[in-house]
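See below for the structure under consideration.
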């Protein structure tokens, strides 16, 4: 979980650095958009690679590659003269690490358990992920306030090195990909793209995910500006808000891990989608740090639950040997995030963070209503027909 501890520190430090560089809401949006752009560019390729390569060795390579990127960010932060445009390429490099990490890591989780308990395994993995992310966010806020932003990236570099070192000793079971003769890389990647067209469950999830990614997950762009301008909180306040979101995510995925394997996940996802929009609208109305943090617990819970449920259902919708590519398709869907971060940053610059959150929360509710209207299997009250 060292990699997710590093992610919590890195996300908080970079968001604060973008605000401190004078970029405001739009600057934060540009930096976060650069971080998410690799999902769109390399998502399918990363998923295809995860199906063909040794997954744990791929994770070792990704961890080691993160060390120089984080040291470069530390050097930039320590220079004392940071511009938003300097953060963009380094944020893009961080996104490249993420896009090649996630398909291999998530597919590796499902490789280790029987299919009937796979949803619980994914949720348990997400519990540890969110706890480590929350801890990382809190530590980042404390380090920024007491030491420096640059120290955060040194800590991230050390965590990446630790993650790579620990992964060297992992001896996972033989993956399905290693037992099947793989087609050429290009053909396999085209087959991954065809999933979106040929598999109705995948197509529905991707469309819902794009709507949620653009209008829901972009709340991360608003959080630093909201902490500074609306709540009058410093970096500790931002760390508290990010930790609250991560804590909510931990609680939600812990709850998901306790659901029986036979429980249908689609209606749960539909309910989460609705609550996500409600929480964003409520956050826009808050003006005190404790209240905002409490609401962000709900927002983070919805974000994490939507994330885990989408990854789980999309992997269960395809054969085992295509798990990596299924996650790659999911990563491609979250490649729409740059549009959301830029849209949120623009709205913040024009109208302020509260109005921007209200607008996007309303769009999330519209997306949820559309999903429930067009895809009955996501309606909570729907019961499967009894067998004849």
Query - Yes/no for residue 278 being in contact with a helix residue (DSSP H, G or I) (Cβ under 8 Å, 6 or more places away or on another chain) and at pLDDT 90 or above - result: yes
Query raised in the report: What are the residues in segment 255-266 that are outside any loop (DSSP other than H, G, I, E, B) and more than 18 Å from residue 298 (Cα to Cα), if any?
Result: 258, 265, 266
Query raised in the report: Within segment 229-242, can you find the residues that are within 21 Å of residue 361 (Cα to Cα) and buried (at least 21 other Cβ atoms within 10 Å of the Cβ)?
Result: 231, 238, 241, 242
Report task. For residue 71, state whether it is at pLDDT 85 or above and either surrounded by 20 or more Cβ atoms within 10 Å (Cβ to Cβ) or assigned to a helix (DSSP H, G or I) (or both). Result -> yes
Report summary line: Of the candidates 44, 32, 59, 37, the one satisfying the condition of being surrounded by fewer than 22 Cβ atoms within 10 Å (Cβ to Cβ) and either closer than 20 Å to residue 214 by Cα or touching a residue at least 12 places away in the same chain (Cβ under 8 Å) (or both) is 37
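A quick yes/no check of all residues on (1) buried (at least 24 other Cβ atoms within 10 Å of the Cβ); (2) more than 21 Å from the chain's Cα centre (by Cα); (3) free of Cβ contacts under 8 Å to residues at least 40 places away in the same chain; (4) in a helix (DSSP H, G or I):
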site	(1), (2), (3), (4)
271	no, no, no, yes
276	yes, no, no, yes
281	no, no, no, yes
294	no, no, no, yes
297	no, no, no, yes
309	yes, no, no, yes
337	yes, no, no, yes
348	yes, yes, no, yes
Query raised in the report: Could you count how many residues in segment 85-109 are at pLDDT below 75 and within 13 Å of the chain's Cα centre (by Cα)?
Result: 1
Query raised in the report: For segment 25-37, does any single residue satisfy the condition of being part of a helix (DSSP H, G or I), farther than 16 Å from residue 338 by Cα and at pLDDT below 80?
Result: no
Requested in this report: Tally the residues that are modelled with pLDDT of 90 or more and surrounded by 17 or more Cβ atoms within 10 Å (Cβ to Cβ), restricting the search to segment 360-371.
Outcome: 7
**Report entry** Matching entry among 255, 250 (being surrounded by fewer than 22 Cβ atoms within 10 Å (Cβ to Cβ) and closer than 22 Å to residue 364 by Cβ)
**Finding:** 255
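The values are calculated or read from the model by the stated rules, or taken from the named source; none is laboratory data. Quick caveat, the model's predicted, so the values are computed rather than measured. Every residue, glycine as well, gets a Cβ built from its backbone with ideal geometry; the counts of neighbours run over all protein chains shown.
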